[in-house]
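Participant: Supplied in structure tokens, the structure appears directly below.
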Amino acid sequence: MLSFGIMTLNKRSEKSYYLEMAKRAYKYGIACYRFVPSDINPISEKINGDFYNPSIGRWENKEFSVPAILYDRCFYSEDSLSKQCMSIVNWLKARDDIRFLGYGLPNKLELYDILTHTNISPYLVKTMPFTNPQSFIDSLLAEQSLIIKPARGSQGQGIFHIKKAGEGILVKTDKKDAQVTHHFEKTEKAISWLNRLTAKRQYLIQPYVTLSDKDGHPFDIRILLQKDSKGTWNEIGRGIRTGKKDGIISNLSAGGKNIRFDDWITAFPSSLKNYLRDELDEIIETLPAALEEKLPPLFEMGIDIGIGDNGSLWILDINSKPGRKTILNTEPEKREELYTAPLLYAKYLEAGIDKERRPNHAKTVSN
Ligand SMILES: Nc1ncnc2c1ncn2[C@@H]1O[C@H](COP(=O)(O)OP(=O)(O)O)[C@@H](O)[C@H]1O
Ligand SMILES: [Mg+2]
């Protein structure tokens, strides 16, 4: 039996995804485990976690060794458990006897630096590190508003739209239930706010690109790519996420809704339709290779693509731990594929026919 471990920071998260995967594992000769990285005893290296018992059809508490193949679904934030688990996961990544389905991606700033030297660069929004509030305010032009957001993304949280307003600065951010606006009448006030905001986390700066539909809803295209049982990248599905009217972000966590891609694209004249489809195909074909040329292997990625007023396409975000909601909501027929793909890819890794190079641990982080 191949041992397969799902790592999470919180056993309540993605419960149905893990359970559906676990239910299918036995059929493929896979024993499925679930644990929090901090459940590993540092001395014995035994884990006190959950084992999916196929004879009773549920998880049960068990002590086990570190599984041979790990599926990392830890979504880190700034708390101490995240920090602790991040270093344990890095230690696991460095071990030769364990394989990860995917080795993660660096933060948005490092990713930008890497991709800006590849043929995907025309699709990137210019991105700079946030260094200090004064130079940020100085770079703010009356006609171009800016976005600042955490270098390590977290489902649309902490994204601020900032523009000049008279002598002062206007800041907007989307919260779960509503948009919050704050007008700083003096730039000094905005500077102290920026100082406080950026003290604990690294932020980045981008121009604000209008990525809204004609009714003022921000939207993007979400594409899920995964490797199949032969280690080849495939598109699993694509869907549209639209945010609230006059909102900034389209994330589902901020009240976004899903639309089927095929329903959305019918509204366009056929020349534009073909153009969009061709451009998306180009991104899908180029991006995985561009990333894996520079970084360790991945199993899956979620790509968020925005569309500007003039039909220009922008890669907004690449997630190495993508959610499945958009696909499940818009293409429920993909369910079975979504639940078996990690297992099939684990079998592929086990068979040792994986020709991918050894991971470069220094570059792998949290995303
Ligand atoms: N530069 C930008 N211009 C306009 N909208 C943006 C920009 N950056 C992000 N957004 C909006 O915010 C959303 C979340 O941004 P993203 O970088 O994906 O952060 P996260 O990692 O938190 O999901 C995007 O899907 C998009 O709707
Ligand atoms: Mg995103």
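The values are calculated or read from the model by the stated rules, or taken from the named source; none is laboratory data. As the structure is a computational prediction, the values presented were derived from the model and not from experiment. Counting neighbours? That spans all protein chains shown, and the Cβs are built from the backbone with ideal geometry, glycine included. Side chains are part of the model used for accessible areas, which takes the heavy atoms of the whole protein and leaves out ligands, DNA and RNA. Shrake-Rupley method; radii C 1.70, N 1.55, O 1.52, S 1.80 Å.
Participant: Return the pair list, or none, for Cβ contacts closer than 8 Å from residues in segment 35-52 that are on the phi > 0 side of the Ramachandran plot to residues that are at pLDDT 95 or above and not aromatic (Phe, Trp, Tyr), at least 6 apart or on different chains.
Facilitator: Glu45/Ser65; Glu45/Val66
Participant: Select from segment 244-256 the residues that are more than 15 Å from Asp304 (Cβ to Cβ) and either surrounded by fewer than 17 Cβ atoms within 10 Å (Cβ to Cβ) or within 17 Å of the chain's Cα centre (by Cα) (or both) and list them in ascending order.
Facilitator: Lys245, Asp246
Participant: Do you know which of the residues in segment 310-321 that are of a type outside the set (Val, Ile, Thr) and more than 9 Å from ligand 2 (Cβ to nearest atom) is surrounded by the most Cβ atoms within 10 Å (Cβ to Cβ)?
Facilitator: Initial filter on segment 310-321 (of a type outside the set (Val, Ile, Thr)): 310-314, 316-317, 319-321.
From what is left, the residues that are more than 9 Å from ligand 2 (Cβ to nearest atom) are 310-314, 320-321.
Numbers: Asn310: 6, Gly311: 11, Ser312: 13, Leu313: 18, Trp314: 18, Ser320: 22, Lys321: 20.
Restricting to residues being of a type outside the set (Val, Ile, Thr) and more than 9 Å from ligand 2 (Cβ to nearest atom), the top hit is Ser320.
Participant: Related question: Identify, by number, the condition in (1) closer than 21 Å to Tyr103 by Cβ; (2) within 18 Å of the chain's Cα centre (by Cα); (3) open to solvent by 30 Å² or more (accessible area, probe 1.4 Å) that Phe299 doesn't meet.
Facilitator: Going through (1) closer than 21 Å to Tyr103 by Cβ; (2) within 18 Å of the chain's Cα centre (by Cα); (3) open to solvent by 30 Å² or more (accessible area, probe 1.4 Å) one by one, Phe299 breaks only (3).
Participant: Of everything in segment 296-309 that's at pLDDT 95 or above and of a type in the set (A, V, I, L, M, F, W, C), which residue is farthest from ligand 2 (Cβ to nearest atom)?
Facilitator: Phe299
Participant: Further, regarding this structure: Looking only at segment 271-283, how many residues end up being open to solvent by less than 80 Å² (accessible area, probe 1.4 Å) and out of contact with any Lys or Arg (no Cβ under 9 Å at 6 or more places or on another chain)? Break it down into steps so the answer makes sense when it comes.
Facilitator: Going through segment 271-283, the residues open to solvent by less than 80 Å² (accessible area, probe 1.4 Å) turn out to be 272-273, 276, 279-281, 283.
From the residues that got through so far, the ones that are out of contact with any Lys or Arg (no Cβ under 9 Å at 6 or more places or on another chain) too are 272-273, 276, 279, 281, 283.
Residues flagged as open to solvent by less than 80 Å² (accessible area, probe 1.4 Å) and out of contact with any Lys or Arg (no Cβ under 9 Å at 6 or more places or on another chain) within segment 271-283 amount to 6.
Participant: Would segment 100-108 turn up any residue that is over 30 Å from Met7 (Cα atoms), surrounded by 17 or more Cβ atoms within 10 Å (Cβ to Cβ) and within 15 Å of ligand 1 (Cβ to nearest atom)? Before you say what the answer is, go through the steps one by one.
Facilitator: Going through segment 100-108, the residues over 30 Å from Met7 (Cα atoms) turn out to be none.
There is no residue in segment 100-108 that is over 30 Å from Met7 (Cα atoms), surrounded by 17 or more Cβ atoms within 10 Å (Cβ to Cβ) and within 15 Å of ligand 1 (Cβ to nearest atom).
Participant: Quick check on Asp79: is it of a type in the set (Asp, Glu) and surrounded by fewer than 20 Cβ atoms within 10 Å (Cβ to Cβ)?
Facilitator: Details: of a type in the set (Asp, Glu): yes; surrounded by fewer than 20 Cβ atoms within 10 Å (Cβ to Cβ): yes.
Yes, satisfied.
Participant: For the subset of segment 27-41 comprising residues that are in contact with a Cys (Cβ under 8 Å, 6 or more places away or on another chain) and assigned to a helix (DSSP H, G or I), which member is least open to solvent (accessible area, probe 1.4 Å)?
Facilitator: Of the residues in segment 27-41, the ones in contact with a Cys (Cβ under 8 Å, 6 or more places away or on another chain) are 36-38.
From what is left, the residues that are assigned to a helix (DSSP H, G or I) are 37-38.
Working: Pro37: 0, Ser38: 40 Å².
Here the residue is Pro37.
Participant: Now a separate question. In segment 10-19, how many are open to solvent by 30 Å² or more (accessible area, probe 1.4 Å) and either touching a residue at least 60 places away in the same chain (Cβ under 8 Å) or of a type in the set (S, T, N, Q) (or both)?
Facilitator: Our first condition is that a residue be open to solvent by 30 Å² or more (accessible area, probe 1.4 Å); within segment 10-19, this holds for 10-16, 19.
Narrowing the set further to residues that are either touching a residue at least 60 places away in the same chain (Cβ under 8 Å) or of a type in the set (S, T, N, Q) (or both) leaves 10, 13, 16.
Counting residues in segment 10-19 that are open to solvent by 30 Å² or more (accessible area, probe 1.4 Å) and either touching a residue at least 60 places away in the same chain (Cβ under 8 Å) or of a type in the set (S, T, N, Q) (or both) gives 3.
Participant: If we only count strands (runs of 3 or more DSSP E) wholly inside segment 132-198, which ones have 3 or more residues that are within 16 Å of ligand 2 (Cβ to nearest atom)?
Facilitator: Values: elements: 146-150, 160-165, 168-174, 179-184.
Per the criteria, 146-150.
Participant: Oh, and also: Determine, yes or no, whether Lys325 is within 16 Å of ligand 2 (Cβ to nearest atom), of a type outside the set (Phe, Trp, Tyr), at pLDDT below 95 and open to solvent by 50 Å² or more (accessible area, probe 1.4 Å).
Facilitator: Working: within 16 Å of ligand 2 (Cβ to nearest atom): yes; of a type outside the set (Phe, Trp, Tyr): yes; at pLDDT below 95: yes; open to solvent by 50 Å² or more (accessible area, probe 1.4 Å): yes.
Yes, satisfied.
Participant: Another one. Does Lys244 satisfy the condition of being outside the structural domain of Ala267 (by TED's automatic domain parsing), in contact (Cβ under 8 Å) with a residue 40 or more places away in the chain and closer than 30 Å to Leu328 by Cβ?
Facilitator: Values: outside the structural domain of Ala267 (by TED's automatic domain parsing): no; in contact (Cβ under 8 Å) with a residue 40 or more places away in the chain: yes; closer than 30 Å to Leu328 by Cβ: yes.
The answer is no for Lys244.
Participant: With Ala289, Ala199, Ala267, Ala190 as the choices, which residue is of a type in the set (A, V, I, L, M), open to solvent by 50 Å² or more (accessible area, probe 1.4 Å) and either within 16 Å of ligand 1 (Cβ to nearest atom) or not assigned by TED's automatic domain parsing to the domain that holds Arg335 (or both)?
Facilitator: Working: Ala289 fails: either within 16 Å of ligand 1 (Cβ to nearest atom) or not assigned by TED's automatic domain parsing to the domain that holds Arg335 (or both); Ala267 fails: either within 16 Å of ligand 1 (Cβ to nearest atom) or not assigned by TED's automatic domain parsing to the domain that holds Arg335 (or both); Ala190 fails: open to solvent by 50 Å² or more (accessible area, probe 1.4 Å).
Sole residue among the options that is of a type in the set (A, V, I, L, M), open to solvent by 50 Å² or more (accessible area, probe 1.4 Å) and either within 16 Å of ligand 1 (Cβ to nearest atom) or not assigned by TED's automatic domain parsing to the domain that holds Arg335 (or both): Ala199.
Participant: Moving to a separate point now. Taking segment 145-178 as the search range and keeping residues that are open to solvent by 70 Å² or more (accessible area, probe 1.4 Å) and in contact with a strand residue (DSSP E or B) (Cβ under 8 Å, 6 or more places away or on another chain), which one is farthest from Ala254 (Cα to Cα)? So that I can check it myself, show each step before the final result.
Facilitator: In the first step, residues of segment 145-178 are kept if they are open to solvent by 70 Å² or more (accessible area, probe 1.4 Å); the result is 155, 157, 163-164, 166-167, 175-177.
Now restrict to residues that are in contact with a strand residue (DSSP E or B) (Cβ under 8 Å, 6 or more places away or on another chain): 157, 163-164.
On the way: Gln157: 8, Lys163: 22, Lys164: 25 Å.
This residue is Lys164.
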